[in-house]
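A short worksheet on the structure shown next.
Coordinate-derived values only; no laboratory data. Computed from a prediction, not measured in an experiment: that's the story for all the values here. Here the Cβ is made from the backbone with ideal geometry for all residues, glycine too, and neighbour counts use every protein chain on show.
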Amino acid sequence: MSQYSEKVMEHFAHPRNVGEMENPDGVGRVGNPTCGDIMNLYLKVKDGVITDATFKTFGCGAAIATSSMVTELVKGKTVKEALSISNRAVAEALGGLPPIKMHCSVLAEEALKAALDDYVARQGKKPE
Amino acid sequence: MSQYSEKVMEHFAHPRNVGEMENPDGVGRVGNPTCGDIMNLYLKVKDGVITDATFKTFGCGAAIATSSMVTELVKGKTVKEALSISNRAVAEALGGLPPIKMHCSVLAEEALKAALDDYVARQGKKPE
Amino acid sequence: MNPIYMDHAATTPTDQRVVEAMLPYFGEIYGNPSSLHGFGQEARAAVEAARAEIARFLGAKPTEIVFTSGGTESDNFAIKGTAWAKRKRGNHIITSAIEHHAVLESCRFLEKEGFRVTYLPVDGDGLVAPADVAGAITDQTILISIMHANNEIGTIQPIAEIGRIAKEKGIGFHTDAVQTFGHLPINVDELNIDLLSASAHKLYGPKGIGLLYIRKGTKLTPLMHGGDQENGRRASTQNVPGIVGFAKAAELAAASMHEEMARLTSLRDRLIRGLFERLDGIRLNGHPTRRLPNNINLSVESIEGEGIILSLDMMGIACSTGSACTSSSLEPSHCLLAIGLPHELSHGSIRFSLGKQTREGDIDAVLEALPQVVGRLRAMSPLYDQKNLKEREESR
Amino acid sequence: MNPIYMDHAATTPTDQRVVEAMLPYFGEIYGNPSSLHGFGQEARAAVEAARAEIARFLGAKPTEIVFTSGGTESDNFAIKGTAWAKRKRGNHIITSAIEHHAVLESCRFLEKEGFRVTYLPVDGDGLVAPADVAGAITDQTILISIMHANNEIGTIQPIAEIGRIAKEKGIGFHTDAVQTFGHLPINVDELNIDLLSASAHKLYGPKGIGLLYIRKGTKLTPLMHGGDQENGRRASTQNVPGIVGFAKAAELAAASMHEEMARLTSLRDRLIRGLFERLDGIRLNGHPTRRLPNNINLSVESIEGEGIILSLDMMGIACSTGSACTSSSLEPSHCLLAIGLPHELSHGSIRFSLGKQTREGDIDAVLEALPQVVGRLRAMSPLYDQKNLKEREESR
Ligand SMILES: Cc1ncc(COP(=O)(O)O)c(C=O)c1O
Ligand SMILES: Cc1ncc(COP(=O)(O)O)c(C=O)c1O
């Protein structure tokens, strides 16, 4: 019925992990309203392992589905493992994206990288 | 059914006065095979009145129908009356012709004029 | 629940009576109208009867109607055809910033070929000012092309006035009437139209057939070169069933137009009113009254249009983000930017376009569904938070 | 007697199975394939399935198929599209003197725009010599356009060889396959084709739908500017029923092609043989064996073609004087002049083109009717007399 895979539609209809997080350990904010996509990604990290991830997204169906998927993918991963999650991996986990929507998976990757960078930066500042 | 009027089709299907004439008093030959139309018109004239007319024509349906019609129109007319038969009169008598075929009526008029000229020329030469 | 189709501006279902009118021309009266034999002449008669029907509908002469493959071809033909035919006279074309892509892209192509194009701005309601048209005319101007009504926001342009200006200056006037042909009354003489594009599938006719009205005496280079069909103006074997179907659709449209205009206007306003009662942070795009009777175009703050479309689709309601042909594009609508919407709002626009089958119950279904959808998506949106936060801060 | 249709080269009846395949796409699955909602995506799925079917038929990739409004548009698109896209690379086009008007008139238009066109001559059978193609190539050549088979005289061109030459030189090769698509096997790779035109109504599909095959990587400026349909190569709302019908027609053609080729060839040869037995002063135009299985083109001395067509039509037999699109023109066929016929003989040419419904009885009906018609018209013809007279004189 749709240009999207069933998996994309499922994540769009029932997105996982929606919402802002209280006291996150890392936050990534990418995109801007002019280009039509904004993704905020929040991470909770314990002992180098991502224990929780949530998002808030302004964007098309694919943007919401990739946000949802990326939060699912990172949970339980170490920070290092999470750093190697590529946009292709997100798209593949969704059963593929239409070519014109691949940029949404790129945005998801960027949001994740930004959140992880933020986490690392905060770690650096934190007194050990 | 056709681009032609019923009258044209009727004259095409059953042309009047087909054939060469023995001892005509006037003959008009116009057109050439390159342009796709040849009309030969034969007249018999008695006391300045056209008593018979026949034709032979190479050409499209309209050429044959106008040939047939012009032979019908001239019969019984004086030479002078016949000279005033225009191509429009021939076309009208056929219930009209498609614009692209009006040249056929022109050819019929020219054939008639040529035959009448020929008649007049022969008269001039004939010892009275 | 039966799915509710509210995307009639994108395309309409072909009316069953239109399909029935077409059917004999597939397998029975199948001749090529250019053929001399009976099969061909029978088909030709059908084409010429259709042409006469449609000409009557526009107040035009049958010889002024050229059948094309749709609105896009008609627009391309009008614009490029004028450009090629009149390039010796001038190289300037005037159009508006909110034309359909078929017009705009034709103009952009011509710009590469050395033509100059003025894209007139529109006001916040999407109206072109006739004075702007007059002001843009130069001695090089060969064509003015302003659409009758906009496909996205529904604004109806003052084309009678623009036509009058064009006529006074002796400049050809083209109007893209794809959204109005069959929906609003059109008389080419009263509106001073020289060239008019229409497309059958927008009025319950078949896809793949359109027309260009060409006022007698208007010079135009063919877009389709080849055989001498359509009086030498548009080559290609005529689409006989399509042409017959188009004429049938026009006939049906003519019979019910005024009634349908009133009915749709009332449904449209019911939907607009209802949505404003139920939702905050929305905006009606296009002119409040000078708009197509079937068009509702909204911007919804803080969320993106596609998400709304997909959500409504899952609930059995079909609508669109703007023109169908850019639904797959990432660009915000050129039309919404032209009326001054910020990018953010233009990303969040949706269009409902009503049609013959639309009933009050359908309107009510949308009034029920849209607030749910908007609520859900706003809950996911970082912009909605920010906005609320800002408002809360400001009210402190 | 049922009328006998022998003008399948002009157009064919739409197969009932094709009509049935199309029907759901008028009133039920009526969405615009560009729309995001279910109505649209269902229509899109149908279009993409059709594209895949047709691609398979040509040995092409689905993305290489662009649907158009017919053969004329495809020819215009291929030729003008190449010209605009490659004008920086060169301005020379090679074609033949016997192409369809859609190709020739597109070339003539481009000549006015500063392009140079070589119209290669053909031999007495209508064949283009591959050596002539090779010889005409210059460093300015951007396109070679040679039709697959001629619509008037049926001659099949050596396009595999021509394609090879084009490929070697890195020049785009277009073939107008309107008369062969669905009738002869075509594989775009084996034949080295870069661009190929086809039209559904020549293979029992609907009128108003065609395609251009565009080999991946081939640069082409759109003919129809506008929305981003057809991968941005051809704007306009897709003609969904037409596209579905085209694919169905191709599927049916593929299933019976080889059988039908053999059957038609045998009927064709029976008609040719029979006519030569019954009539003097006739000539078969086109190649005796390298010809379309369904094509018989004759010149009849001393009489004009239209008279034959009309007379046969009155007897219930539909045939033509050549291409349908010039049936209303007074010019003798450019194609018959190109094979060296004198004007007189080219005026007297007729074409019978057989099809799926043609049976032996129909052939026999023509064998019975044509001699009567020719006899009647020759009796009226001043040329026939002259000829006989001359012959009589010569034999003295
Ligand atoms: C205003 C306008 N112009 C042109 C077109 C193009 O028409 P078509 O898709 O029939 O080519 C459309 C619709 O698609 C339209 O709404
Ligand atoms: C060889 C050839 N090319 C092109 C065309 C044009 O096709 P259409 O009439 O579908 O535009 C035809 C038939 O009309 C043809 O026979």
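Here are a few things to note about the model shown:
- In terms of overall dimensions, segment C:73-174 has a Cα radius of gyration and Dmax of 12.5, 37 angstrom.
- Of the residues C:375, C:27, C:316, the one that moves most in a GNM of chain C with alpha-carbon contacts below 10 Å is C:27.
- Calculated FRET efficiency for the pair residue D:160/residue D:56, C-beta based, R₀ 22 Å, to 0.05: 0.60
- Segment D:1-129 - Rg (one decimal) and Dmax (whole number), Cα, Å: 19.9, 60
- Here the chain C residue lying nearest the rotation axis onto D, judged by its C-beta and given with the distance in whole angstrom, is C:69, 2.
- The phi torsions of segment D:206-214, fed into the Karplus equation with coefficients 6.51, -1.76 and 1.60 and a -60° offset, translate into couplings of x, 6, x, 9, x, 8, 10, 7, 10 Hz, rounded to whole numbers, with Gly and Pro shown as x.
- Value of relative contact order over chain A, rounded to a whole percent, pairs C-alpha under 8 Å and six or more apart: 30
- Measuring spread by the Cα atoms of chain C yields a radius of gyration and Dmax of 22.1, 86 Å.
- Sum of -39500 (n - 2.57) over DSSP H runs of 4+, divided by residues of chain A (222 nm, nearest 500): -14000 deg cm²/dmol
- Across every direction, the projection of the convex hull enclosing the Cα atoms of segment B:52-117 has a mean area of 4.0 nm².
- Across chain C, C-alpha contacts under 8 Å between residues 6 or more apart give a mean separation that, scaled by the residue count, equals a relative contact order of 22 percent.
- Hz values of 3J(HN,Hα) by residue in segment C:2-14 - Karplus curve (6.51, -1.76, 1.60), Gly and Pro given as x: 5, x, 10, 9, 10, 9, 5, 6, 6, 5, 10, x, 6
- Across C:207/D:219; C:61/C:356; C:207/D:167; D:88/D:202, pairs whose alpha-carbon gap is larger than 31 Å: C:207/D:167; D:88/D:202
- The H on the amide N of residue C:304, modeled in the peptide plane, is under 5 Å from the matching H of A:59, each at least 5 residues off or on a different chain.
- Taking Cβ atoms as reference points and 12 Å as the exclusive limit, the residues near residue D:359 contribute a net charge of 0, counting Lys and Arg as +1 and Asp and Glu as -1.
- Beta bridges by DSSP in chain C, antiparallel share as percent, to the nearest 5: 50
- Distance from segment D:216-295 to segment D:140-194 (C-alpha centre basis), Å: 13
- DSSP beta bridge pairing in the protein assembly as shown, given as percent antiparallel to the nearest 5: 65
- Choice from D:354, D:36, D:195 showing the highest fluctuation, given a GNM over chain D with Cα pairs closer than 10 Å: D:36
- Less than 5 angstrom separates the built amide H of residue D:209 from those of D:200, D:201, all sequence-distant by 5 or more or on a different chain.
- Of the beta bridges in segment D:164-308, as assigned by DSSP with both residues counted there, near 65 percent are antiparallel.
- FRET efficiency for residue B:84 and residue C:89, using Cβ-Cβ distance with R0 set to 51 Å, rounded to 0.05: 0.65
- Ratio of the Cα radius of gyration of the protein assembly as shown to 2.2 N^0.38 Å, where N counts its residues: 1.09
- The other copies place their residue D:259 label points at 5.1 nm from this one, listed shortest first, where each point is 7 Å from Cα along Cα→Cβ.
- For residue D:285, the residues 5 or more places off, or on other chains, whose built amide H falls under 5 Å of its own are D:297, D:298, D:299.
- Against the empirical curve 2.2 N^0.38 Å, the C-alpha radius of gyration of segment D:198-322 lands at a ratio of 1.46.
- Copy-to-copy label separations for residue C:111, where each label sits 7 Å from Cα toward Cβ, in nm and ascending: 3.4
- The HN-Hα couplings worked out from phi for segment C:51-67 by the Karplus form 6.51 cos²θ - 1.76 cosθ + 1.60 (θ = phi - 60°) are 4, 5, 4, 6, 4, 4, 4, 9, x, 10, 8, x, 5, 8, 9, 10, 7 Hz, whole numbers, x standing for Gly and Pro.
- Excluding same-chain neighbours fewer than eight residues apart, the lysines reachable from residue B:44 by a Cα-Cα span under 30 Å are B:7, B:56, B:75, B:77, B:80, B:101, B:113, B:125, B:126, D:387, D:390.
- Straight-distance crosslink candidates among aspartates and glutamates, where the alpha carbon sits under 19 Å from residue C:248 and sequence neighbours closer than 8 are dropped: C:15, C:20, C:28, C:42, C:48, C:53, C:64, C:259, C:260, D:28
- Basic side chains Lys and Arg get +1 at the Cβ, acidic Asp and Glu get -1 at the Cβ, and with that the dipole of chain C about its Cα centre reaches some 900 debye.
- Helix-only CD estimate at 222 nm, as mean residue ellipticity for chain D, using -39500 (n - 2.57) per DSSP H run (n ≥ 4): -14000 deg cm²/dmol
- Inter-copy separations for residue A:121, label at 7 Å along Cα-Cβ, nm, ascending: 10.7
- Based on the reciprocal of the average 1/r between different C-alpha atoms, the Kirkwood radius for segment B:6-122 equals 13.6 Å.
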